Amino acid sequence: MATTLISNISSLVTNDPSLGAGPLGLIQDAAVVLDGDRVAWIGTNSKAPTTDSHVDAEGRAGLPGFVDSHSHLVFAGDRTAEFAARMSGRAYEAGGIRTTVAATRAATDEELHANVARYTAEALRQGTTTLETKSGYGLTVEDEARALRVAAAHTDEVTYLGAHIVSPDYADDPAAYVDLVTGPMLDACAPHARWIDVFCERGAFDGDQARTILAAGKARGLLPRVHANQLTHGPGVQLAVELDAASADHCTHLTDADVDALANSATVATLLPGAEFSTRAQWPDARRLLDAGVTVALSTDCNPGSSFTSSMSFCIALAVRDMRMTPDEAVWSATAGGARALRRTDVGRLTPGARADLVLLDAPSHVHLAYRPGVPLVSAVWRAGVRV
């Protein structure tokens, strides 16, 4: 395999404190060697080895590819009217998902593939090299399995979310829908997914229903994650910790007991500021979580109803401006934090042996991601050693 040297990097985020300064393992005047799909060497320019090819970063900053650990990309239809109405004062309710369910069921396989390809390519251009996505807009056995097959054609991180809301077909019998989600739908979906998720929230599934669904998924070899405490205080975070879920996502409304539970667990608190931005909801208190020792990830929650953004840079800027994170903390959470939320050790960092996912910025420092919000700073992306 050919080796490539990327040199003259003004500052490089490695997320490996053994390689550089602070938690980000920051190296000044840095260089990276890629060997096939892996990082082979990291260090300063003056010590860079000879390689088969060479790229001059021309003083740009570098960082690992973003790890977006929460998105909903298998969908059809448009909810522009809902967004416009909400911006005029209508509060977000989970029931809006039903609009997308109808459109997704009506879409062809080709239309769904085209949509997912469009949004994953859009994210990749903006530096996202690892992306999780979910089902949840089909809510029938056939449509959920189809959604997961589509998702699996575009990413390795696929989540079964049959428990997004109670299907409109079972509006009068939620218990029967839970039986479907944990029975025939799980049978059809488990072969196509790595994860199982549930929206544990008012208007969706309560704690007992969520526990039943996640336990059934774990029994089939799926790993749990939870939509938790987004709209109200509730049992989602405690359930996530109880079941050793990889992440509790949203975490907007937390008690002290919830924060303590997260701090004393391996469950990552994944914060999704795009949802608060797009719904004018209360911001998660990232500072409270970080000060308690909780591992925090940032993700886009890209979906057509409540957070229609694929930009991790935008979410970093929101986290710094409105969630009281430092620029360093936000960048770590959007890279290494996302990797933790997916229980991955090969992404979210630049260290020998890691997957060769690297982003260069048209800026001298990663701080510009928050300092210059909305500016398209990503100038080059390598994913698994391939410049894309």
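The values are calculated or read from the model by the stated rules, or taken from the named source; none is laboratory data. These figures come from a predicted structure and were not determined experimentally. Glycine also receives a Cβ, built like all others from the backbone with ideal geometry; neighbour counts cover every protein chain displayed. Quick note on the areas: whole protein, heavy atoms, side chains included, nothing else; ligands and nucleic acids left out. Shrake-Rupley method; radii C 1.70, N 1.55, O 1.52, S 1.80 Å.
Laid out as a table, the results:
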{"item": "Acute angle (nearest 10 degrees) that the helix 109-125 long axis makes with the longest principal axis of the chain, alpha-carbon atoms", "result": "40"}
{"item": "Once the Cα gyration tensor of the stretch 276-362 is diagonalised, semi-axes √(5λ) in Å", "result": "23, 16, 12"}
{"item": "Charge-dipole axis of the chain as Lys and Arg at +1 and Asp and Glu at -1 on Cβ define it, positive-most pick from 130, 250, 262", "result": "130"}
{"item": "Residue 271 - accessible surface, heavy atoms, 1.4 Å probe, Å² rounded to 10", "result": "0"}
{"item": "Share antiparallel - DSSP beta bridges, the stretch 28-177, percent rounded to 5", "result": "50"}
{"item": "Share of carbon and sulfur in the accessible heavy-atom surface of the stretch 314-388 [1.4 Å probe, %]", "result": "53"}
{"item": "Solvent-accessible area per residue for the stretch 261-388 (1.4 angstrom probe, square angstrom)", "result": "35"}
{"item": "Rounded accessible area per residue of the stretch 8-107, 1.4 Å, Å²", "result": "41"}
{"item": "Antiparallel DSSP beta bridges within the stretch 1-97, as percent of all bridges there, nearest 5", "result": "75"}
{"item": "Three-way shape label, the stretch 80-136, alpha-carbon gyration tensor, a/c 1.5", "result": "oblate"}
{"item": "For the chain, calculated [θ]222 nm from helices alone, where every DSSP H run of n ≥ 4 adds -39500 (n - 2.57)", "result": "-9000 deg cm²/dmol"}
{"item": "Rounded percent of accessible protein surface that carbon and sulfur make up, the stretch 109-208, 1.4 Å probe", "result": "48"}
{"item": "Estimated distance in nm for a label pair at residue 232 and residue 118, the labels positioned 7 Å out from Cα along Cα-to-Cβ", "result": "3.6"}
{"item": "Candidate residues 10, 167, 88: accessible-area rank, largest first, probe 1.4 Å", "result": "88, 10, 167"}
{"item": "Separation between Cα centres of the stretch 157-178 and the stretch 308-353, rounded to whole Å", "result": "30"}
{"item": "Label-point separation in nm, residue 219 to residue 50, each point 7 Å along Cα→Cβ", "result": "6.3"}
{"item": "Sorted peptide list for 39-51, 223-235, 276-288, criterion being average Cβ within 10 angstrom, highest first", "result": "223-235, 276-288, 39-51"}
{"item": "Per residue, in Å², the accessible surface of the stretch 134-243 once ligands and nucleic acids are set aside, probe 1.4 Å", "result": "35"}
{"item": "Protein accessible area in the stretch 213-256, 1.4 Å probe - carbon and sulfur %", "result": "56"}
{"item": "Relative contact order (%) - criterion: Cα under 8 Å, at least six apart; region: the stretch 192-253", "result": "34"}
{"item": "Relative contact order of the chain, defined on C-alpha pairs under 8 angstrom at six or more residues apart (%)", "result": "20"}
{"item": "The stretch 2-107, relative contact order [Cα under 8 Å, separation at least 6], %", "result": "26"}
{"item": "Alpha carbon centroid spacing (whole Å) that separates the stretch 255-300 from the stretch 135-154", "result": "28"}
{"item": "Within the chain: Cβ-based charge dipole about Cα centre, in debye rounded to nearest 20 (Lys, Arg +1; Asp, Glu -1)", "result": "660"}
{"item": "The chain: antiparallel DSSP beta bridges as a percent of all, rounded to 5", "result": "45"}
{"item": "Lys/Arg +1, Asp/Glu -1 at C-beta; the stretch 274-388 dipole; positive extreme among 374, 312, 338", "result": "338"}
